[in-house]
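Quick notes on the structure that follows.
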Amino acid sequence: MLKITNLHAKVAGKEILKGLSLDLQAGEVHAIMGPNGAGKSTLGNVLAGREGYEVTQGEVIFNGKNLLELEPEERACEGVFLAFQYPVEIPGVNNTYFLRAALNAQRKYRGEDPLDSVSFLRLVREKLKVLHIGDELLHRAVNEGFSGGEKKRNEIFQMAVLEPSLAILDETDSGLDIDALKTVAEGVNRLRSKDRGMIVVTHYQRLLDYIVPDKVHVLADGKLVATGGADLALKLEEQGYAWLDDGGIKPLNIELAGQTLNP
Amino acid sequence: MSELSTQLATALPLDAGPGPEWVKTLRDSGAAHFRTHGLPTRKDEAWKYTGLGLLDQAEMQLATVTETRVSGSLNPSPLVEANVHVNMLNGLKTGQNGTMPTGLTVLSLADALSTGISGLQTLLESLPMDNSSDGFTALNTATLESGVVIHVAAGTDAGRLLINWTSEATPAPLLSNTRLCVFLEQDAKLELLEQFESSNGNTNTCNIVLQANLATNSSLQHIRFQQESKQAVLITRTEVSQQADSEYAYYGFDLGGGLVRHDLHTALRGSGARSCLSGAYLLDGNRHVDNHARVDHMAPNGFSDQYFRGVAGGAGKAVFNTAVCVHPGADETEARQSNANILLSTRAEVDTKPELEIYADEVIASHGATVGQLDELAVFYLRSRGLSESQARQLLTTAFCRSVSDKLADPVLAEVISQRMMDVMPQAD
């Protein structure tokens, strides 16, 4: 589904990603963990096509298409969804209005008829019910005045409505208390499916107690330095990321379930 | 004086027209002022950023009540339904319909002058014309005849009254002068909706003065929506006098017009009066919109809030000048001013100037003015969900202006206006 090869990217002239490669199959959930400044958020932003994130080398093939050649909205219409680490507050834009405009833009791209407001509301209420989210969110402006937890829930809600084939969750756990974390994780788990790939970017292991990944990658200094199963996250929790500084890449006391992608 | 001023001064009638003596005296004083000073120029501080180029047309004629003016083919639909509709064509009242609620009186100014309405003389004579730059007011007073008088009796909630202003192109460009007088007695309520539209290619000038007297605990909701043609000139002055605990709320929406100037002034004369002035202006092409607002706090415990939002694209130009003066004795006043603008083009221009003078104690005052661009992160956020870049920008600029229309009490009207704004939202270059 998604094949990233030797990806290099710069932000404000500084190289952040330095040869990242990743292979994600439909139905898989991959976690990307790493210390601050490793390039975790950059990866999500590069995949979503944010301006100012300049790809200098490498390629990203998504469902057979060169993702990096597409505009952000084309990527969204192709099925890429980035759940933002800091969802943007947009005063004056009603959440329901925005989401319907987004869904209809995607439907138009796929050659489908737009949903009228009645069918859209029906769809939206269904999704809210499944995610156990109240409908007060529908009447408010996009993220305006939302608490941290509400913002993240709104991201998951958008994801549920837009049904992307690739979801990238950028530090969705940051700033959440344990209850909010559980709600968000439950939402994500409900959206797991054999047709959908997910990349869960996180600094802490605790999110992975609730969203159990198929693979865990360690991102350090712009590259994936280790890959393993769900248990790798637990070991990282125990040992921290300090071992990365000891000459860099060879993990101490960590058995690798997969292989090091960039030895 | 400019050539245009001389031309207009010459066109002023020599005799003072019909009506009682005091009206003739008033007209004479307006004519004398105009013959001395003419129209304002950029040399006048209050008109520094606004030139009258668009108004300066050869053959410009002063409209008079007696002439036949138009075909009346333009029939724009009202934004929303109202109890009473008053139709104005090129500044002249052509009719009214609807069911008049008990306690509401609507008369043409000519009728009101001949029958005499209590307080009308005092109101008309109270309009300040002290500055040399008051040329438009002087012209309006010199030709005082066309207009509407609205009276709401004590304790009456008159609901919504719509004034439908339409302008149609005439063989020679026309400058019309119209006066609106609004009286709200104690505890009275009125929603006054003014809707301005004009035919394509209309180059006429409307010069309108509105005077409102708000008695104790009365409430005037004043909505002014204009979508004039790109060549039309609209000069309006609103003068509001507020007694204790009265409320004046103004919502202005400038979507059209080639040259638009609005002077909005409210005086809070009684304690506990409230005044909320808000507006949105959208500019593209070479259009020019100038809003001058002034609030005088003259009694204690007053509240005023000014909230204006502007979007300028193309070579559009917006001027926003807002002043609050808290006079001696107007203690415990709260006054807020906020003006924010988005520039969509390097050729667009916004001149914003909030002013604040305080001569009283225990005053809470805040003011802020910004001119900026759209938040690019918000644009990206919307695009990352599938909206095209132009869709995203349109949604954000509309939302920015929607913060004004959302203040309207009627959600239906708010939605209609917001949709109209979205339809004409200027695009980035």
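The values are calculated or read from the model by the stated rules, or taken from the named source; none is laboratory data. Here the structure is a predicted model, which means the values were calculated and not measured. Cβ: placed from backbone, ideal geometry, glycine included. Neighbour counts: every protein chain shown. SASA here: full protein model, heavy atoms, side chains in, ligands and nucleic acids out. Shrake-Rupley method; radii C 1.70, N 1.55, O 1.52, S 1.80 Å.
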- request: Could you tell me whether the stretch B:344-360 includes any residue that is within 14 Å of chain A (Cβ to nearest Cβ) and more than 24 Å from residue A:85 (Cα to Cα)?
  value: no
field: Residue list for the stretch A:28-44, restricted to those being out of contact with any helix residue (DSSP H, G or I) (no Cβ under 8 Å at 6 or more places or on another chain), open to solvent by less than 30 Å² (accessible area, probe 1.4 Å) and in a loop (DSSP other than H, G, I, E, B)
entry: A:38, A:39
message: Quick check on this structure: which one of B:281, B:251 is open to solvent by 10 Å² or more (accessible area, probe 1.4 Å) and assigned to a strand (DSSP E or B)?
response: B:251
- prompt: Can you name every residue in the stretch B:3-56 that is within 21 Å of residue B:233 (Cβ to Cβ), surrounded by fewer than 15 Cβ atoms within 10 Å (Cβ to Cβ) and hydroxyl-bearing (Ser, Thr, Tyr)?
  reply: B:6, B:10
task: Output the residue which, of all residues in the stretch B:349-364 that are under 25 Å from residue B:288 (Cα atoms) and among the acidic types (Asp, Glu), is surrounded by the fewest Cβ atoms within 10 Å (Cβ to Cβ).
output: B:355
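Given B:420, B:393, B:402, which one is basic (Lys, Arg), within 13 Å of another protein chain (Cβ to nearest Cβ), open to solvent by 20 Å² or more (accessible area, probe 1.4 Å) and out of contact with any Ser or Thr (no Cβ under 7 Å at 6 or more places or on another chain)?
Values: B:420 fails: within 13 Å of another protein chain (Cβ to nearest Cβ); B:402 fails: out of contact with any Ser or Thr (no Cβ under 7 Å at 6 or more places or on another chain).
None of the others qualify; the one that does is B:393.
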query: Tell me, which strands (runs of 3 or more DSSP E) wholly within the stretch B:100-216 include 1 or more residues that are in contact with a strand residue (DSSP E or B) (Cβ under 8 Å, 6 or more places away or on another chain) and within 22 Å of residue B:231 (Cβ to Cβ)?
result: B:157-167, B:174-184, B:189-198, B:205-214
- prompt: Quick one: is residue B:205 open to solvent by less than 10 Å² (accessible area, probe 1.4 Å) and closer than 24 Å to residue B:64 by Cβ?
  reply: yes
task: Give the number of residues within the stretch B:373-390 that are touching a strand residue (DSSP E or B) at 6+ places or on another chain (Cβ under 8 Å) and more than 8 Å from chain A (Cβ to nearest Cβ).
output: 2
Unique residue being of a type outside the set (Ser, Thr, Tyr) and touching a Leu at 6+ places or on another chain (Cβ under 7 Å) when the list is A:62, A:84: A:62
- line: Scanning the stretch A:119-144 for residues that are out of contact with any helix residue (DSSP H, G or I) (no Cβ under 8 Å at 6 or more places or on another chain) and either in a helix (DSSP H, G or I) or open to solvent by less than 40 Å² (accessible area, probe 1.4 Å) (or both) gives A:119, A:122, A:126, A:129, A:136
query: For the stretch B:130-155, what are the residues that are of a type in the set (Ser, Thr, Tyr), open to solvent by 20 Å² or more (accessible area, probe 1.4 Å) and either closer than 16 Å to residue B:181 by Cα or modelled with pLDDT of 95 or more (or both)?
result: B:143
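Residues that are modelled with pLDDT of 95 or more and within 9 Å of another protein chain (Cβ to nearest Cβ), at least 1 per element: which strands (runs of 3 or more DSSP E) completely within the stretch A:47-118 meet that?
A:80-83
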